[in-house]
Structures are given as C-alpha cells and as structure tokens.
Amino acid sequence: MFQAPSAFQRAPLPPATRESEPRHEQTLTATAPRPAAGPSARGAAAPAPAAAKKRDPYFDNVKYLAIVLVAVAHAWEPVMDGSRATRALYMIVYTFHMPAFILISGYFSRSFDMTPPKVKRLITSVAVPYVLFETAYSLFKRYADDAPDMAISLIDPFFLTWFLIALFVWRVTTPI
C-alpha cells in the first residue's frame, strides 16, 4: 500500500527546550499542491496566491448575538400579552438590536464604491433576494389569504424584506 497525500502535514518539531520552559502544542499546516513539472510549467512563474481576507471574530460574535436576540424576542411575542416582565425584555431587545444591525451594516459598507464588481455583488446578494422573497411573500399572501386582487408591490415590503431594501439603499448612498 502507498501513503495517500494529505492536505495537512505536521509542522516540524520545535527545537529541544529545557524542562523549565513551557511546551507548545503541535500545529497542523496546510500545504498547497505542487504543480507538475511539465513543459508548460518551466517557463512561466506561478502567480502568488491572493491573501485571504481575515474575518474579525468580534463582529461575527456581535452579529450572532443580535440574531439570537431577534429569535428570542420573536419567541416572546406570543406570551408577552400576559406578562409585563416579558414585554419589558422584548422592548429592551428591540431598542438596541436593530440599531446594532444598522451600525454593523454601515461599518461593512464604508468601503463600498460604485465599481462594477461591487455593484454586481450588491445586486446579486441584496437586490435579487429582495425581489425573489418579496414576490414569494406577495404570492403566498394572495393565495393563503384568498385575496386574488392583491398586487405584487416591490415598494411595500413584507415581513423582514424591509431590511434588504434598506441595506441596498444604504450601500448605494454610502459613496455620497
């Protein structure tokens, strides 16, 4: 049998240390596959891989917390009519979770300029989902509520789609 190549190989061991010094755990490092040494690879230099953008765990945690608070507050809605404490907690959560989403969205929108790749990404990641979900919600409401005269309107958002259209407008107006 042969040893199959692995995407992860062990890093070399650190130099020997004295017993009084702390020991570090072994780490695994990813290795890129080596190009074949053929006639096409001899004359051309391989381009350097682009540095990947690092995610900021602070913002990931803040977004996660805001999403969890939204889910918890939505779960409180059916039981808050009979409880003043639940209504107070609901109001506290709704006082700051939407401003938190807006501030985070603005922070990530600050580098938006109207270059074609960024506009294309904005359209495919925000405008298209807005149109799809707004149409789906309108059709659902038309047939579930048995209201055949209800028109599909993209300027009167249903449910949570208001945030998508607001994000689109904020992002487009950022360069201004």
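Every number in this text was worked out from the coordinates using simple rules, so none of it is lab data. In this text, all values refer to a predicted model and were calculated from it rather than measured experimentally. Quick reminder, even Gly has a Cβ in these numbers, built from the backbone with ideal geometry, and neighbours come from all protein chains shown.
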| task | Place the peptides 140-149, 165-174 in order of packing, highest mean first, counting for every residue the other Cβ atoms within 10 Å and averaging per peptide. | result | 165-174, 140-149
| query | Residue separation times 0.36 nm, minus the C-alpha to C-alpha distance between Ala144 and Val119: what's the value? | reply | 5.5 nm
| query | Roughly speaking, what is the stretch gain from Ala85 to Val169, that is 0.36 nm per residue apart minus the C-alpha to C-alpha distance, in nm to one decimal? | reply | 26.6 nm
| So what are the ³J(HN,Hα) numbers for the range 157-164, from phi and the Karplus equation (6.51, -1.76, 1.60; θ = phi - 60°), rounded to whole Hz, Gly and Pro as x? | x, 8, 6, 8, 6, 4, 5, 5
| Which whole-Hz ³J(HN,Hα) couplings does the range 69-77 yield from phi under the Karplus relation 6.51 cos²θ - 1.76 cosθ + 1.60, θ = phi - 60°, glycine and proline marked x? | 5, 4, 4, 5, 5, 5, 5, 6, 3
| note | At 20 °C in a medium of viscosity 1.002 mPa s, the range 112-176 has a Stokes-Einstein diffusion coefficient, with Rh taken as the Kirkwood radius over alpha carbon pairs, in µm² per second, of 167
| task | Would you please give the FRET efficiency between Asp60 and Ala136, computed as 1/(1 + (r/R0)^6) with r the Cβ-Cβ distance and R0 = 22 Å, to the nearest 0.05? | result | 0.15
